[in-house]
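Just below is one structure, and these are the notes that go with it.
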Amino acid sequence: MSPEGESLLAYLTHERALSLETIKRFQLGAVLNPVASNETARGWISIPYLSPTGVLSMRFRRPPGSDAPMKYWSPKGTRTRVYNTSALVNPGHWLACVEGEIDCATAEQAGIPAIGIPGVQSWAPYMKHMLSGFSRILVLADNDDNGQGLEFAEKIADQLDEVKICLAPKGHDVNSTLKELGAAGLRAHFGIDKHAE
């Protein structure tokens, strides 16, 4: 593995507390030799949007320590999608909805079936139809911002029935909650086992 790849892997496993199994499952990677049109993503983390049939699109996250003005980048023409649509294939009693791909992978790692919406402003009304097979939606809202996480959760709650907003501990999002409290602590904080009944 290249030094750049090792650095990004260390970021995902140590700073983000993602297991190697989770990284492999979601096919998170390092962009080392991009095609010309994706040169912007050189050295960035690749985040494929997977479906049961393959890759739908790609999004890239800047590496730690980067001075790039944008935190995320997608190739021109990429449309906003729901992350982890595989969680929608077998509708069940409940599903979690989170902001962002890393938080989604984190929730799944903790045993919480989840989809991710790529950013507070990315929720679109058509997305509610994807969730119609679930009797309850738990929105695991960030609490490390200036209220945008709660705004995101309320936007979803306004469009769906049976939504429960679960706010992360002050100063945290789903990922940092896992890092701070572990998987069992994350599940306990958000009341997953109680809400999933």
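All of Phe134, Phe152 fail the test of being aromatic (Phe, Trp, Tyr), part of a loop (DSSP other than H, G, I, E, B), in contact (Cβ under 8 Å) with a residue 40 or more places away in the chain and farther than 22 Å from Leu28 by Cα, apart from Phe134. Output the residue which, of all residues in the stretch 1-53 that are among the β-branched types (Val, Ile, Thr) and within 21 Å of the chain's Cα centre (by Cα), is farthest from Gly77 (Cα to Cα). Top of the filtered list is Thr13. Of the residues screened, His189 is one that is crowded, with 16+ Cβ neighbours inside 10 Å, over 16 Å from the mean Cα position of the chain (by Cα), under 22 Å from Gly111 (Cα atoms) and not hydrophobic (A, V, I, L, M, F, W, C). Those strands (runs of 3 or more DSSP E) of the stretch 20-127 in which 1 or more residues are modelled with pLDDT of 90 or more, in the same structural domain as Thr177 (by TED's automatic domain parsing) and buried (at least 18 other Cβ atoms within 10 Å of the Cβ) occupy 94-99, 114-117.
In this structure, does Arg59 turn out to be under 20 Å from Ile115 (Cβ atoms) and more than 15 Å from the chain's Cα centre (by Cα)? No. Is it true that Ala184 is over 29 Å from Ser57 (Cα atoms) and assigned to a helix (DSSP H, G or I)? For Ala184, the condition - over 29 Å from Ser57 (Cα atoms) and assigned to a helix (DSSP H, G or I) - is met.
The values are calculated or read from the model by the stated rules, or taken from the named source; none is laboratory data. These figures come from a predicted structure and were not determined experimentally. Backbone-built Cβ (ideal geometry, glycine too); neighbour counts: all protein chains shown.
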